[in-house]
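Step one of this worksheet: look at the structure below.
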Amino acid sequence: MFTEATYTEKLVQFGRAVLLSIIILLTAGATAWTSTRLAGGDIEVQAWYRMRHTFQTDGTEHFDWVQWRNEAFVWLIHNNLITRGYFLETVPVPFIHHAAFSARYRARVDPVYYLREHYRNIYDAHKRSKFFNPEKEFRDLYVDLDFGDIWGGSLTSRIGYQQIVWGESDLFRSIDIINPLRIDQSFGAGEKFDEFRQPSLAIKAIYGIGDIGTWLSQVSVEPFYTPRFRNGTQFLLLENGWRIEFQEKNCLPPGETDPAKALDYSPENCGKPGTRFLPYRPHWIGNRRFQNPWSLSVTGNNGRIHSVDYACLTQACRPEAPGERITAIVNLPKGNFHHHTRGTDPSHGAGGFRIVGKTWFDLDFSLNYIFLPLIHADTNPSGHPADVYGDVPGAVGTLEEGLRRCLSPSGKQGVAANNRTNNKTLVQLVGVDLGGYNWPQRRLDAQGNPLPTAKQKHAARPPVTICTNGFNHRYSWTHVIGATGTYNDFEYTGAVFRFEESLSTAEKLNHHLAGYGRSFNPPPAMVAGYAARNGRMTVSTPVWRSMVGFDLLTAFQNIRGLGWTRSLPGQMGIQQSFISFQWLMQYYFEGLSNNVCNWNFAMGFGLPGRSGCRTNHFNHLLTLGVGGQGYFRSKLEQRLAVAFEPRGKQFLLFGQWWWREFMELPIDLSMGTAWYPNSRFNNSWTLLNYFTERNLLWIEATYYLL
């Protein structure tokens, strides 16, 4: 375990690194902040240090400092690894005319997890260490090969860890789906896509055909294959799920009510009926107090927006009524795609190709095909009755033995060995509530009802816990067929028009399953549908995605009605600005009305009159962006955007500003905000509802070392 000396040592090391960076900054000369060339210009090196402070607010009463991210970035390019068929101009290499090498390495450190007492209370030493140093890896590591002319065309390839970027849409992953996104440090707000795409090990080639008759020109074919396809769940943060597992912290022996006498969790300390438990992040303290700033979803007690942490004992299943819910902990099986695609099985690779070119009327187009595995959550039905542990008749073992089957020795979920709560066995612990809803510091009366002063209106639960294997993560294949087009209409409107269309042949979505979330009298249609799917909760449907948009590069003063902008300071109305509009659409072919939210299994019901989630056939998103640079003698650059989802009535307001070359030094300053002005209870196909209570404000400084 980390001691206070360990905390101090880490902070001292970090302080030294920051001090060294400051010394370098103050003593370095006026370097160019493009790149430094070595070896006669063959080698380019770029390096920078970036610091970012981020704050989150719910827009009403709380304003939290959640990040102090420090980033070191080094980019090395060797432009002439092979030249005219010779490696470093000395060793002949057959078939290869030219080769270049690129490596981008990034390391990030975030000491806020040690500096804020709040994070020290809700995470153990292992978690804090992981969040302290979330990244130290190559962003790219590949070699570009030019084979010259082959069969009348040109052939090049790229081999290694890389980003493969296809498609024409912004903020909408229809065809740009080859590389997963890593949003566990920023939600992607304020970063370019190439800064939070995860590189994939892949081989890509481009074969340039040239002209085909008089109709098509600049035609080329670009295939790719990755034997280690990864999806976005590898670095996803989910409360009581990926990377932030449910974990017990303390327990009180039977009959003890003084929290000061709590014991550290262990099966030996806590394996007696009547023990009270305190998790690291108990759900009864409320989302804001236990949620990681970058986690996307929650397992909790609000069935409207959370994947549930309970099973129902009554039809009403009210959270504020004692005896109507019992705690449930989900243990996912290990391996075979159950948690995420780590890319260890070649049969889980992905690939595809596209044809790009230009038509006789100057339309740049691409025809795309991708096949890839998709991860989806499903039930894991076994038909095996629950094994009961505790001091009750018919129990198969003691409560201490049951704890070992439900949790790890350190009290974490999701790490039980196979054939315990994985694959077939359901465990029921009698005598304890592992959720800690009966912890003595809660504001409850003697019957377990929440008092008027209670901040969270959740009652105590019976001393029973279910450790379930009820969910499983599986993979299936989908084939994505798409097309994109870009047309430069300089003659009439001066705008660039874009479109993108794709059809994904088979994606899994979740229907309600019999008995899920409630124990009494599921409707006959629900039972029949569940049986028709052989006990699974997934259905398969094709999905059509579409984007139509335009981009306009012009000065604001040239737009009718905006002539007054020529008087704005810093020539903001005179310099060129960028305007972009998109209409984005997603269509599900199957009728998918159900009561399980497809992203996080939130039930969407519980109290009478509450409707469930609904997956609509048509879903839409409108975006409008404005950008510009060159203001104030090329110092100021800005990006402004608004997004609106009509069905969920969700908004996103985004703004970011850069001041380049601050005080004529190789320093860029930046600040930005992402605002979500709506209710998180409105279900959203874009997931905007999960960010609503975490509006962002950040400030950033980048110093270009080389």
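The values are calculated or read from the model by the stated rules, or taken from the named source; none is laboratory data. Just so we're clear, the structure is a prediction, and the values are computed from it rather than from any experiment. Using ideal geometry, Cβ is built from the backbone for each residue, glycine included, and neighbour counts are taken over all protein chains shown. Just the protein is used for accessible areas: all its heavy atoms, side chains included, with ligands, DNA and RNA removed. Shrake-Rupley method; radii C 1.70, N 1.55, O 1.52, S 1.80 Å.
Structural remarks
- Mean separation of Cα contacts under 8 Å (6+ apart) over length of segment 194-242, as relative contact order %: 34
- Accessible area per residue (1.4 Å probe, heavy atoms of protein chains only) ranks ASP668, ASP362, ASP391 as ASP391, ASP362, ASP668, with the largest value leading.
- If you plug the beta carbon distance of GLU491 and ALA260 into 1/(1 + (r/R0)^6) with R0 = 51 Å, you get a FRET efficiency near 0.05.
- The phi-based Karplus calculation (6.51 cos²θ - 1.76 cosθ + 1.60; θ = phi - 60°) puts the 3J(HN,Hα) values of segment 539-547 at 10, 10, 8, x, 9, 9, 10, 9, 9 Hz, whole numbers, x for Gly and Pro.
- At full extension, PHE581 and ARG116 could sit 163.3 nm farther apart than now, given 0.36 nm per residue minus the alpha carbon distance.
- Neighbours of ALA202, meaning other residues whose beta-carbon lies under 10 angstrom from its beta-carbon, give a summed charge of +3 when Lys and Arg score +1 and Asp and Glu score -1.
- Peptides ranked, highest mean first, by Cβ atoms within 10 Å: ranges 565-574, 277-286: 277-286, 565-574
- Approximating the spin labels as points 7 Å out from Cα along Cα→Cβ, the ALA316-to-PHE87 distance works out to 7.7 nm.
- Other residues within the sphere of radius under 11 Å centred on the Cβ of GLU700, judged by their own Cβ, net out at 0 (K and R +1, D and E -1).
- Ratio Rg/Rh, restricted to segment 216-256 and using Cα atoms, in which Rh is the Kirkwood radius: 1.53
- Net length available on complete extension from GLN447 to MET663 is 71.1 nm, with 0.36 nm assigned per residue and the Cα-Cα distance removed.
- Sequence ranges 173-179, 355-361, 437-443, 152-158, ranked by mean other-Cβ count within 10 angstrom, highest first: 173-179, 437-443, 152-158, 355-361
- Hits among aspartates and glutamates - C-alpha to C-alpha of LYS204 under 18 Å, sequence gap 8 or more where chains match: ASP140, ASP144, ASP146, ASP149, ASP176, ASP194, GLU222
- With one equal scatterer per alpha carbon and no solvent term, the Debye-computed log10 I(q)/I(0) for segment 175-334 at 0.08, 0.16, 0.20, 0.21 1/Å reads -0.44, -1.07, -1.31, -1.37.
- Theoretical FRET efficiency, 1/(1+(r/R0)^6), r = Cβ-Cβ of LYS455 and LEU687, R0 30 Å, to 0.05: 0.65
- Per-pair calculated FRET efficiency, R0 = 25 Å: ARG633 and LEU568 via Cβ, rounded to 0.05: 0.95
- Taking all C-alpha pairs of segment 141-198, those more than 19 Å from each other amount to 46 percent.
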